[in-house]
Amino acid sequence: MTDGPGRTPTLQEVATEARVSLATASNALTGNRGVSPKLRDRVLEAAQRLGYPRTSGRRRTDRTTVGIVLPDVRHPAYAELAHAFEREGAQRDWSLVLAGSDYEPDNELDALENLVRTTDGVLLSPSRPPRSGVHRLQASPVPIVACDEPADSALIGGWVRSDNFGGGRAAAHHLVDAGGTRFAMLGGEGYLPSTKERREGFLAGLADRGFAADDVLIIGENYGMDGGQSAMAELLETDADVDAVFAVSDLHAVGAFFRALQEGRRVPDDILLCGFDGVAWTRQISPTITTVRQDWAKIAGRAMDILDALMSGGDGDRAVVPVELVPGESTRR
């Protein structure tokens, strides 16, 4: 083998040096599949001899360094998650490196390619599943754990998600109990898997109470406050009799709330409104917004537990974290 100056060895070369398959080499380095200790040691020794990035790509320290990739740290929900990671990381004395993808798979891939060479592990919220940057990442010498949204890449060693289906179902039950008779979901056509799960849970919850899915309006595919405003505008033009609305997120709900006011509709007198996420500032506006609260601290803690196990050579895991419906003034008549 002839190497040029400063050339970085490939994963295939590590596999050849260790006399194992490419898949075994990748699994031994990431810890996301069962590999015997003997094989894992052989691969790690080969990687060290060749100067593969996991062993020589950065200055090793006694302190664990973890990369975090989120779609948008300005979004209130991701800000809550980032803060939870920060608090949990501080308790573990981990050093954290935060990167944003701006929902762009190319940005996600760039961040991942850097972090898998400079950290001990990565926590990832995929930008645009199932076409996120991680799906184009060829290999990773460190384990990756997905949070919030799924990623079916073989490089993902575990994942943690909220019970989106259960949260949608709880929202439906609450809106019926609060007096709703004609229902809609705003943002329910969005591309994220969590949106589909919340929509299916919402429809299932309404079916529990005798409301057919065909009678429920699903409007809007854009996210954010602007998405909520435009979806509410379309809803009021489509069916002015709707009196109970489930928004795909709290940010969506706030946008919908302001648009309803502009159209002369009052919340909760004319329209019951429920969001999803449980971001703190939903309690600071009037009326306070009913929401399905995600347990950010538990998500962060469970994700870091799984990552810690993988970094130690253990097996990955999957976890669905319960959510909680938090009633506010927006559903109280």
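The values are calculated or read from the model by the stated rules, or taken from the named source; none is laboratory data. Only a predicted model underlies this, so the values are computations on that prediction, with no experimental measurement involved. Every residue, glycine as well, gets a Cβ built from its backbone with ideal geometry; the counts of neighbours run over all protein chains shown.
Quickly run through segment 221-235 and pick out the residues that are surrounded by fewer than 22 Cβ atoms within 10 Å (Cβ to Cβ), of a type outside the set (Gly, Ala, Ser), touching a helix residue (DSSP H, G or I) at 6+ places or on another chain (Cβ under 9 Å) and farther than 23 Å from residue 80 by Cβ.
221
Just to verify a result, which residue in segment 177-211, among those that are among the hydrophobic types (A, V, I, L, M, F, W, C) and more than 21 Å from residue 238 (Cα to Cα), is surrounded by the most Cβ atoms within 10 Å (Cβ to Cβ)?
For segment 177-211, the residue satisfying everything is 192.
Restricting the first residue to segment 126-139 and requiring it to be assigned by TED's automatic domain parsing to the domain that holds residue 155 and at positive phi, which pairs with a second residue that is among the acidic types (Asp, Glu) and at pLDDT below 85 meet a Cβ separation below 8 Å and a spacing of at least six or different chains?
none
Mind telling me which of the residues 251, 261 ends up being in a helix (DSSP H, G or I) and either under 22 Å from the mean Cα position of the chain (by Cα) or within 20 Å of residue 81 (Cβ to Cβ) (or both)?
251
Scan segment 110-125 for residues that are closer than 12 Å to residue 70 by Cα and either in a helix (DSSP H, G or I) or of a type in the set (Val, Ile, Thr) (or both) and jot them down.
Answer for segment 110-125, where residues must be closer than 12 Å to residue 70 by Cα and either in a helix (DSSP H, G or I) or of a type in the set (Val, Ile, Thr) (or both): 111, 112, 122.
State all residues of segment 182-210 that are under 20 Å from residue 256 (Cβ atoms) and assigned to a loop (DSSP other than H, G, I, E, B); if no residue qualifies, say none.
182, 187, 188, 189, 190, 191, 192
Would you check which residues across segment 291-317 are assigned to a loop (DSSP other than H, G, I, E, B), out of contact with any Phe, Trp or Tyr (no Cβ under 9 Å at 6 or more places or on another chain) and of a type outside the set (S, T, N, Q) and list them?
If the condition is that a residue be assigned to a loop (DSSP other than H, G, I, E, B), out of contact with any Phe, Trp or Tyr (no Cβ under 9 Å at 6 or more places or on another chain) and of a type outside the set (S, T, N, Q), then 295, 313, 314, 315 are the ones that fit.
Quick one: would you say residue 320 is assigned to a strand (DSSP E or B) and in contact with a Ser or Thr (Cβ under 9 Å, 6 or more places away or on another chain)?
The answer is yes for residue 320.
Give just the number: which of (1) under 30 Å from residue 298 (Cα atoms); (2) under 28 Å from the mean Cα position of the chain (by Cα); (3) hydroxyl-bearing (Ser, Thr, Tyr) does residue 230 not satisfy?
Unmet for residue 230, out of (1) under 30 Å from residue 298 (Cα atoms); (2) under 28 Å from the mean Cα position of the chain (by Cα); (3) hydroxyl-bearing (Ser, Thr, Tyr): (1).
Report, ordered by the first and then the second residue, all pairs with beta carbons closer than 9 Å, sequence separation of six or more or different chains, a first member in segment 273-293 that is under 15 Å from residue 78 (Cα atoms), and a second member that is acidic (Asp, Glu) and surrounded by fewer than 22 Cβ atoms within 10 Å (Cβ to Cβ).
277/80; 278/80; 278/295; 278/324; 279/80; 280/80; 293/324
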